[in-house]
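Asker: Here it is, the structure, as C-alpha cells.
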Amino acid sequence: MSAIRLLVLGAVRQHGRAHGYQVRHDLEFWGAHEWSNAKPGSIYHALKQLAKQGLLVAHETAPSTVGGPPRTEYELTEEGEREFLRLVRHALTAIDEKPDVLTSGVGFVVDLPRQEAIDLLRQRVDALEEWRGEVTRHWVPDGSTPQDLGHIGEIMGLWVHSAVSGAEWARGLIERLEKGAYVMAGEGERPRDVLADGEVNPYAE
C-alpha cells in the first residue's frame, strides 16, 4: 500500500473540495514530506491518478480575479469515500507495511467511530502478539536469546522488540480512546489544526 494514496484522499476529504496547493500545504503542515513520499510532484500526480480511477472528481474553477490561472479542485466520490475508509482500516491493522502507512492511518484515526478504531487497534495488538510468538517459537527456541544465534540473531531481537513496543503503543492509544480522548467520527465538530495553540509548525516555509 502507498501512503500517498491515503494521505491525498484524506487531505481532500477534510476540506470537502480542495485544490492541489491546499493538499500540499496540509501535508507539509503535518510534516508528511519528511516521513512519507508526499513530495509536491507525488501529490499532484496522485490527485490526477485518483481522479482517473474515479475516486476523486475534478472541478474546474474560474480564473483568479487578479489574473491567476484557474485551479482544479478535487472532491471525493462515493467510491473515494469507501476507499479512504478502507485504507485507514488497513493502515491500522496491517503489521507488514512500511511505517509511513501506519503513521498515515493514525493521522486519520479520528475519522472512524470510536469503537471501530478501538476494535481495529485490538486487531493490531493480536497480530503483533501472534508475530512475536512465531519469532520466539521458530527462531529463538528453548529459552535461547538472539545473541545465541550470532549477530544474525539481532534481526530476531529487532523483530521481537518491534512487536512488543508496537503492541504497547497500540494498547496505550486504545486506553486513551476508551477514556474519551479526541473527537471521533459522529461525535461533533473538531478543529483541523494538528498543533496546539501557539505552537510553531517546524515545517512551515
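The values are calculated or read from the model by the stated rules, or taken from the named source; none is laboratory data. Being a predicted model, the structure only gives us computed values, none of them experimental. Glycine gets a Cβ as well: all are built from the backbone with ideal geometry, and neighbour counts include every protein chain shown.
Asker: If Thr136 passes every condition in (1) modelled with pLDDT of 80 or more; (2) polar (S, T, N, Q); (3) more than 21 Å from Gly107 (Cα to Cα); (4) exposed (fewer than 15 other Cβ atoms within 10 Å of the Cβ) but one, which one does it miss?
Answerer: It fails just one condition, (4).
Condition check ((1) outside the structural domain of Leu7 (by TED's automatic domain parsing); (2) in a helix (DSSP H, G or I); (3) among the polar types (S, T, N, Q)) across all residues:
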site	(1), (2), (3)
Arg24	no, yes, no
Glu28	no, yes, no
Glu34	no, yes, no
Asn37	no, no, yes
Ser42	no, yes, yes
Ala46	no, yes, no
Ala51	no, yes, no
Val57	no, no, no
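Asker: Sticking with this one: So Glu34 passes all but one of these: (1) surrounded by 17 or more Cβ atoms within 10 Å (Cβ to Cβ); (2) closer than 22 Å to Glu97 by Cα. Which condition number does it fail?
Answerer: For Glu34, the exception is condition (1).
Asker: Quick check on my filter: what residues within region 13-22 are under 12 Å from Thr72 (Cα atoms) and not in a loop (DSSP other than H, G, I, E, B)?
Answerer: Hits for region 13-22 are Ala18, His19, Gly20, Tyr21, Gln22.
Asker: Checking the condition under 29 Å from Pro113 (Cβ atoms), in contact with a Leu (Cβ under 7 Å, 6 or more places away or on another chain) and polar (S, T, N, Q), which residue from Thr103, Thr77 passes?
Answerer: One residue alone meets the criteria, Thr77.
Asker: Taking region 91-105, which residues are part of a helix (DSSP H, G or I), in contact (Cβ under 8 Å) with a residue 12 or more places away in the chain and either surrounded by 16 or more Cβ atoms within 10 Å (Cβ to Cβ) or in contact with a strand residue (DSSP E or B) (Cβ under 9 Å, 6 or more places away or on another chain) (or both)?
Answerer: Ala91, Leu92, Thr93, Asp100, Val101, Thr103, Ser104, Gly105
Asker: Which residue pairs have Cβ atoms closer than 7 Å, lie 6 or more positions apart in sequence or on different chains, and pair a first residue in region 149-166 that is on the phi < 0 side of the Ramachandran plot with a second residue that is modelled with pLDDT under 80?
Answerer: Gly153/Pro146; Gly153/Gln147; Glu154/Pro146; Met156/Trp139; Met156/Val140; Met156/Pro146; Met156/Leu149; Gly157/Pro146
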